[in-house]
């Protein structure tokens with residue numbers, strides 16, 4: 001059954017045959033998931049919209065879950081921002097703080113996009129029939145937290161942060177960064193933050209990690 005509210009969030013686009021095949025498939029799949037729901041979308045539907053054969057589609061992706069996971073992973077990678085390529089740990093507190101602000105900015109700029117919010121709403125709407133959507137989102141969120149925790153553990157070894165529990169620090173960072181913003185956006189009771197608001201949230205999240213300067 002068609003879910004009009006989800007379709008309104010992400011109107012399906014007709015794919016162009018000239019686009020790279022993988023991008024074309026992911027675009028077609030994401031549009032259909034949002035328009036019809038995950039459970040009601042078939043691999044044949046996706047192949048038809050992507051203008052390719054079902055055999056060629058299966059040569060690229062094993063199943064619907066694989067397609068959905070790739071759609072979510074692309075958005076999660078954008079959220080990781082400066083941590084996505086295993087960067088070297090900054091050598092100074094100032095450089096570490098700047099990296100944390102950069103990561104916070106990447107997370108909010110991506111996480112507040114309408115297509116990302118649509119994925120969250122899709123996960124909620126399909127939670128009974130397709131719990132794998134929520135599991136994929138959770139797994140990618142955990143990957144982001146682990147990437148930050150790894151960075152902070154190395155920063156602690158270099159004496160750049162005091163607290164030794166890197167996992168707790170990473171959790172605190174995201175807690176301060178988001179607060180109740182995501183819930184408000186999902187419920188449509190607030191507007192996406194401005195660039196200035198994103199910067200302020202990112203700076204506040206970085207400050208809770210860095211703590212006061214040592215005397």
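The values are calculated or read from the model by the stated rules, or taken from the named source; none is laboratory data. Remember, predicted model here, so these are calculated numbers, not experimental data. In this analysis, Cβ positions are derived from the backbone assuming ideal geometry, glycine residues included, and neighbour counts consider all displayed protein chains.
A few comments on the model shown:
- Residue, modelled with the highest pLDDT, within the range 5-49, restricted to residues that are closer than 20 Å to residue 130 by Cβ and assigned to a loop (DSSP other than H, G, I, E, B): 42
- Subset of the range 193-215 that is in a loop (DSSP other than H, G, I, E, B) and modelled with pLDDT under 95 - its residue that is surrounded by the most Cβ atoms within 10 Å (Cβ to Cβ): 211
- Scanning the range 131-145 finds one or more residues that are at pLDDT 90 or above, closer than 20 Å to residue 202 by Cα and in contact with a helix residue (DSSP H, G or I) (Cβ under 7 Å, 6 or more places away or on another chain).
- Any hit, the range 50-57, residues being farther than 21 Å from residue 205 by Cα and either surrounded by 20 or more Cβ atoms within 10 Å (Cβ to Cβ) or in contact with a strand residue (DSSP E or B) (Cβ under 6 Å, 6 or more places away or on another chain) (or both): yes
- Test for residue 159: is it modelled with pLDDT under 95, in the same structural domain as residue 122 (by TED's automatic domain parsing) and within 13 Å of residue 107 (Cα to Cα): no
- Note on the range 148-165: residues that are in a helix (DSSP H, G or I) and surrounded by fewer than 20 Cβ atoms within 10 Å (Cβ to Cβ) amount to 6.
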